[in-house]
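What follows is a set of notes on a single structure, which appears directly below.
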Ligand SMILES: C[S@@+](CC[C@H](N)C(=O)[O-])C[C@H]1O[C@@H](n2cnc3c(N)ncnc32)[C@H](O)[C@@H]1O
């Protein structure tokens with residue numbers, strides 16, 4: 001998903017350096033200092049406009065959330081929502097999720113969310129999928145022992161690929177939902193922007209797994 005540049009984005013991000021990090025490697029070992037309370041850290045990679053992470057933070061004040069997004073113009077919109085929310089248990093991080101192993105110490109992350117990740121359907125782009133083994137190696141390092149990865153998508157091809165990828169990596173599945181919105185798994189489900197947009201067109205798939 002490529003989005004048009006927004007001229008206001010860079011200055012807005014600069015003005016809100018208390019809520020967004022643009023040089024994340026400098027925070028290694030210091031993430032908790034960015035929050036008022038030391039609490040478990042949960043991370044979403046590819047937050048888009050931030051609806052999911054902000055609502056999760058509202059519902060779970062006992063957790064500190066970090067939202068990673070690669071596109072400046074997209075994360076700037078999420079930042080606006082965060083500013084309006086007044087929440088203090090969310091920090092945004094403008095970076096490539098592929099760098100996650102350089103951002104956190106081993107076992108620092110409690111849970112990882114991947115929502116409606118770009119499908120990269122062409123075979124030659126497999127390594128760009130956020131559920132590919134080259135990403136799983138990094139997730140395994142930063143997640144605490146038995147820390148969960150929660151993945152949702154409307155893309156059947158990506159979901160099937162991810163099931164195989166996690167399984168081949170030796171991960172254990174805790175939940176697999178093939179039609180989340182019409183199942184018991186939907187209780188307490190927090191929807192993302194993409195989920196709201198695409199659930200009318202077909203099923204939403206979800207899995208929760210750990211290493
Ligand atoms: C299809 S959108 C989904 C947005 C949101 N999660 C939702 O469900 O509404 C995927 C988002 O992931 C971001 N993204 C893709 N690859 C990324 C990466 N390697 N690191 C960080 N963000 C990434 C994209 O810029 C885009 O905003």
Inside segment 24-50, the number of residues satisfying the requirement of being part of a loop (DSSP other than H, G, I, E, B) and at pLDDT 95 or above is 11
Expected single match for surrounded by fewer than 16 Cβ atoms within 10 Å (Cβ to Cβ) and either within 22 Å of residue 205 (Cα to Cα) or touching a strand residue (DSSP E or B) at 6+ places or on another chain (Cβ under 7 Å) (or both) among 49, 122, 111 is 122
Of (1) touching a strand residue (DSSP E or B) at 6+ places or on another chain (Cβ under 8 Å); (2) surrounded by 12 or more Cβ atoms within 10 Å (Cβ to Cβ), residue 37 fails just (2)
> Of the residues that make up segment 94-106, is at least one touching a strand residue (DSSP E or B) at 6+ places or on another chain (Cβ under 7 Å) and closer than 16 Å to residue 13 by Cα?
Replying inline: yes
Those residues of segment 88-97 that are surrounded by fewer than 17 Cβ atoms within 10 Å (Cβ to Cβ) and farther than 21 Å from residue 129 by Cα come to a total of 1
Cβ pairs under 8 Å, 6+ apart or interchain, first in segment 185-199 and within 15 Å of residue 51 (Cα to Cα), second away from the ligand (no atom under 16 Å from the Cβ) and in a helix (DSSP H, G or I), ordered by first then second residue, are 190/59
Residue count, segment 183-211, condition more than 18 Å from the chain's Cα centre (by Cα), under 14 Å from residue 153 (Cα atoms) and part of a loop (DSSP other than H, G, I, E, B), comes to 2
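The values are calculated or read from the model by the stated rules, or taken from the named source; none is laboratory data. Only a predicted model underlies this, so the values are computations on that prediction, with no experimental measurement involved. No Cβ is skipped: glycine too gets one built from the backbone with ideal geometry, and neighbour counts run over all protein chains shown.
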